[in-house]
Amino acid sequence: MISVAEARNRIQAHSHTLGPIVLPITQAVGHVLVDDLLSQTDIPSFKQSSMDGYAIRWEERDQTLCIQDELPAGSLRVLKLDLGATIKVFTGGPIPEFADTVVQKEWVEQKEGKIKIQLEKLEFGMHIRMPGSEITQQALALPAGKVITASMVGFIASMGFDALKVYPKPSIAIVITGNELVAPGNPLLPGQVYESNSYALTALLKEQGINHINVFHAKDHLEETAFTLALALVNHDLVLLTGGVSVGDYDFVVQACLQVGVEQVFHRVAQKPGKPIFFGLQGEKLIFGLPGNPASVMSCFRQYVIPAMQLMSGKSLEEPVMGKLKHSYEKQSNLCFFLKGRVDNGIVSILGGQASYQQHSFVQANCWIELDAHQQIFEQSCMVKLHPFH
C-alpha cells in the first residue's frame with residue numbers, strides 16, 4: 001500500500017489540463033479562462049447620461065434655458081448644445097457636446113419650452129458617465145485562470161465578447177460492476193441489492209459542473225468487464241469503475257484494466273474506507289477503480305477524483321479547511337481515516353454510521369473529516385482537516 005499523500009501526488013502528476021475550446025459565453029460558466037481577457041472597448045464608449053433629465057452648461061445653471069432638442073437612448077445624432085439652451089437626455093443616452101452636467105427632471109420647472117432649475121442639490125458633472133469609467137479599451141477585464149461565473153457574463157457581454165477560450169471539463173464514463181445489482185424501481189430477489197453508485201456519482205459529477213457523463217454496466221466476468229471498459233475508454237477522458245477492485249474470486253477490474261492496456265499507477269492506499277482503490281492510465285486518460293461500497297465510492301471520489309477533474313479543467317486545487325473536534329476519537333489502526341462529519345460554526349462532529357456500506361449519515365453530513373494515519377488518539381477540541389461537501 002501507498003500513503004494517501006503519495007496517492008494524491010501520483011494522481012496530480014498525471015492529471016494533465018485538457019486542450020482549450022471556444023464556448024459561447026453563457027456555456028462558459030464554470031469553465032476556466034485560458035488567456036487574459038482585455039476589454040475590446042471603453043465602457044461606456046461615449047459620454048452617457050445616467051438619468052432622465054436635461055443636459056446643461058454648469059455656468060448657465062441659474063439661467064432660464066430654452067429646450068433646444070432631445071437625445072433619446074440609442075440616438076446616433078451628434079448634437080452641440082447652444083448657449084442659453086438645454087437638451088433633454090435619457091438614461092443610457094448620449095450627452096451633447098459642450099454639456100457638462102445633467103439635471104434630473106424632478107429638479108426642473110418646465111414652462112412654454114423653457115426650464116428653470118432648482119439649484120439646492122445640483123453639483124457640477126452630476127449624472128454623467130464618462131467614457132471608460134467602467135473599464136478602458138485594452139484594460140485587463142479578467143485574468144487567465146479565472147473561473148467564469150454567471151455574475152460575470154453580463155460584464156463580458158458588455159465588452160463585446162460572445163464567446164471565450166476556456167478549458168473544457170472532462171468527459172466521464174461510469175462503469176458499474178456486480179452480479180448482485182438491480183436498478184431502483186425493480187423488485188429485489190434474494191441476494192440482490194439496489195444499485196446506487198451510478199446515481200450518486202452522476203449527481204456528484206453534475207454538482208461539479210460535469211455534463212458529459214455515460215453509465216455502463218458489467219457483470220462480474222473478466223471478458224465482459226474488459227469489453228465494457230474498452231468501450232468506455234473510447235470517447236471519455238476519465239473512467240470510474242465501481243466494485244470488483246479487490247482481490248476476491250469475482251474481482252476482475254484490475255485484470256480487465258491491464259488486459260485493455262491500462263498502465264497501473266497504484267493499487268491499494270493506506271486509508272479507510274476505500275483501501276483497494278486502483279488508479280491507472282491509458283495515454284492521458286485517467287482510470288479509477290473504486291471499491292463497490294457506497295461510502296468508499298463517495299470518499300474516494302472526494303479525495304482523488306475531484307482534484308483530478310479540477311486539474312484537467314485548468315482549476316486550482318481546493319485546500320482542506322480546519323475544524324475543532326467536538327468529541328475525542330480513537331482510531332484502531334494506522335490507516336488514514338475519512339469519516340463522515342458535520343461542521344457547524346467551526347465545530348465538527350463525527351457522525352454515526354461510518355461503515356463503508358452505510359449511507360444514511362450522508363443526510364446529516366456536510367464534510368469529510370481526515371484523520372492522519374500516524375495518530376491514533378484525537379482529543380476533544382483538537383484541530384482536524386475537513387473536506388466540505390460543497
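The values are calculated or read from the model by the stated rules, or taken from the named source; none is laboratory data. Given the structure is predicted, the values throughout are model-derived calculations rather than measurements. Cβ sites come from the backbone with ideal geometry, for glycine too, and all protein chains shown count toward neighbours.
If you filter the range 70-81 down to residues that are touching an Asp or Glu at 6+ places or on another chain (Cβ under 9 Å) and not aliphatic (A, V, I, L, M), you find that the one that is surrounded by the fewest Cβ atoms within 10 Å (Cβ to Cβ) is R77. Where strands (runs of 3 or more DSSP E) fall wholly inside the range 27-131, the ranges with 3 or more residues that are in contact (Cβ under 8 Å) with a residue 24 or more places away in the chain are 53-56, 65-71, 85-89, 101-104, 114-117.
This table checks each residue for (1) among the aromatic types (F, W, Y); (2) more than 30 Å from the chain's Cα centre (by Cα); (3) modelled with pLDDT of 95 or more.
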| site | (1), (2), (3) |
| --- | --- |
| E195 | no, no, yes |
| L201 | no, no, yes |
| I210 | no, no, yes |
| I213 | no, no, yes |
| L241 | no, no, yes |
| S246 | no, yes, no |
| V253 | no, yes, yes |
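When the range 97-107 is filtered for residues that are β-branched (V, I, T) and touching a Phe, Trp or Tyr at 6+ places or on another chain (Cβ under 6 Å), the ones remaining, listed by number, are T101, V103.
Taking the condition over 30 Å from Q63 (Cβ atoms), modelled with pLDDT of 95 or more and in contact with a strand residue (DSSP E or B) (Cβ under 8 Å, 6 or more places away or on another chain), does G125 pass? For G125, the condition - over 30 Å from Q63 (Cβ atoms), modelled with pLDDT of 95 or more and in contact with a strand residue (DSSP E or B) (Cβ under 8 Å, 6 or more places away or on another chain) - is not met. Considered as a group, the residues in the range 148-165 that are of a type outside the set (A, V, I, L, M) and closer than 19 Å to I43 by Cα include one that is surrounded by the most Cβ atoms within 10 Å (Cβ to Cβ), and that residue is F161.
Of all residues in the range 376-390, none are out of contact with any Asp or Glu (no Cβ under 9 Å at 6 or more places or on another chain), within 19 Å of A270 (Cα to Cα) and not assigned by TED's automatic domain parsing to the domain that holds Q271. Within the range 220-248, the residues that satisfy the criterion of being of a type in the set (A, V, I, L, M), farther than 15 Å from Q259 by Cβ and either in contact with a strand residue (DSSP E or B) (Cβ under 7 Å, 6 or more places away or on another chain) or not assigned by TED's automatic domain parsing to the domain that holds V297 (or both) are L238, L240. Scanning the range 251-271 for residues that are surrounded by 15 or more Cβ atoms within 10 Å (Cβ to Cβ) and in a loop (DSSP other than H, G, I, E, B) returns D251, F252, V260, V262, R268, A270.
Against the test of being more than 18 Å from C367 (Cβ to Cβ) and not acidic (D, E), the options A295, A308 yield a single qualifying residue, A308. Within the range 169-219, the residues that satisfy the criterion of being surrounded by fewer than 19 Cβ atoms within 10 Å (Cβ to Cβ), of a type in the set (S, T, Y) and touching a strand residue (DSSP E or B) at 6+ places or on another chain (Cβ under 7 Å) are Y194, T202.
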